[in-house]
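Scroll down for the structure; my scribbles are underneath it.
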Amino acid sequence: MAGLTALHSRRLREIWRSAGWPCQDLVEVELLAAGFIERVRQPSGHETLRVTDAGIALLADTLQRNRARRDAHEDLVERVAREMTRAGRLAWRGLALRAKVGVDDEAQWVMAMPDVFSIRHTTVEAYLEPIVHEIKVSRADLLSDLRREAKRSAYLQLSSECWYVIARGIATAEEIPPEFGVMAAEGAALEVLRPAPKRAMAMSLPLWMALARATPLDGWQHDDAQGLL
């Protein structure tokens, strides 16, 4: 179906999981016209919707593509996190962190979950250099993230450097705001397309508490990591 969007796929999944009660909106009209759903008249006289064989095939294809995208994303997250531990840093994946963005009456607390958060393994607070790496393997996911200004501001509040690590070819460095560094991943290589600006940053108590409740990746205690300090 030309022009199939995430909204159509989501509606198709909802119909598959539900009793098929129609919404009678234009999304359903397009799914009906494409043959992914069909109307079924019940003995009581009312109509419900049923996903057709073509619709089931589309759902299965979407599931496989989403799994492949998740696997590619998780593989790249793991690679970046391991690079941080090899550089003598403590690294965490999937932390849920709160950051205060905005000023005065417009300030708000924002939840952020950077793919990789790391600090230097040091006993000197001024040398911690917290870094956020956000991983994107699809252009749609990247563009969606870039539209969320509060989320980007939270990343910056939480780090002295912030990077987008993108799959090669999904975007150029110029499409990403200049306050972020950009790396491109292709195969086993990570190429710096634009260095991340460094900022002075003192870690807040809520951030310290989040780290205290979490467990960093193993590897930081290995001799090869210690030797880099």
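The values are calculated or read from the model by the stated rules, or taken from the named source; none is laboratory data. This one's a predicted model, so the numbers in the text were calculated from it and none came from an experiment. Counting neighbours? That spans all protein chains shown, and the Cβs are built from the backbone with ideal geometry, glycine included. Calculation scope for accessible area: heavy atoms of the full protein, side chains included, ligands and nucleic acids excluded. Shrake-Rupley method; radii C 1.70, N 1.55, O 1.52, S 1.80 Å.
Kindly list, by first and then second residue, each pair from a residue in region 28-56 that is touching a residue at least 24 places away in the same chain (Cβ under 8 Å) and within 16 Å of Arg10 (Cα to Cα) to a residue that is of a type outside the set (A, V, I, L, M, F, W, C) and open to solvent by 40 Å² or more (accessible area, probe 1.4 Å), limited to pairs with Cβ atoms under 6 Å and residues at least 6 apart or on different chains.
Short answer, once both residue conditions are applied: Leu49/Pro22; Arg50/Glu38.
Which residue is farthest from Ala167 (Cα to Cα), if the candidates are limited to region 42-57 and must be of a type outside the set (Gly, Ala, Ser) and at pLDDT 90 or above?
Glu47
Please state which one of Leu217, Leu128 is surrounded by 15 or more Cβ atoms within 10 Å (Cβ to Cβ), on the phi < 0 side of the Ramachandran plot and touching a helix residue (DSSP H, G or I) at 6+ places or on another chain (Cβ under 6 Å).
Result: Leu217 is the single residue among Leu217, Leu128 that is surrounded by 15 or more Cβ atoms within 10 Å (Cβ to Cβ), on the phi < 0 side of the Ramachandran plot and touching a helix residue (DSSP H, G or I) at 6+ places or on another chain (Cβ under 6 Å).
Is it the case, given these coordinates, that Val40 is in contact with a Ser or Thr (Cβ under 7 Å, 6 or more places away or on another chain) and open to solvent by less than 80 Å² (accessible area, probe 1.4 Å)?
yes
Considering only residues that are closer than 12 Å to Ala150 by Cα and open to solvent by less than 40 Å² (accessible area, probe 1.4 Å), which ones fall in region 79-110?
Those that are closer than 12 Å to Ala150 by Cα and open to solvent by less than 40 Å² (accessible area, probe 1.4 Å): Ala99, Val101, Ala107, Val110.
Considering every residue within region 125-136, establish whether at least one is under 18 Å from the mean Cα position of the chain (by Cα), assigned to a loop (DSSP other than H, G, I, E, B), closer than 26 Å to Ala96 by Cβ and of a type outside the set (Lys, Arg).
no
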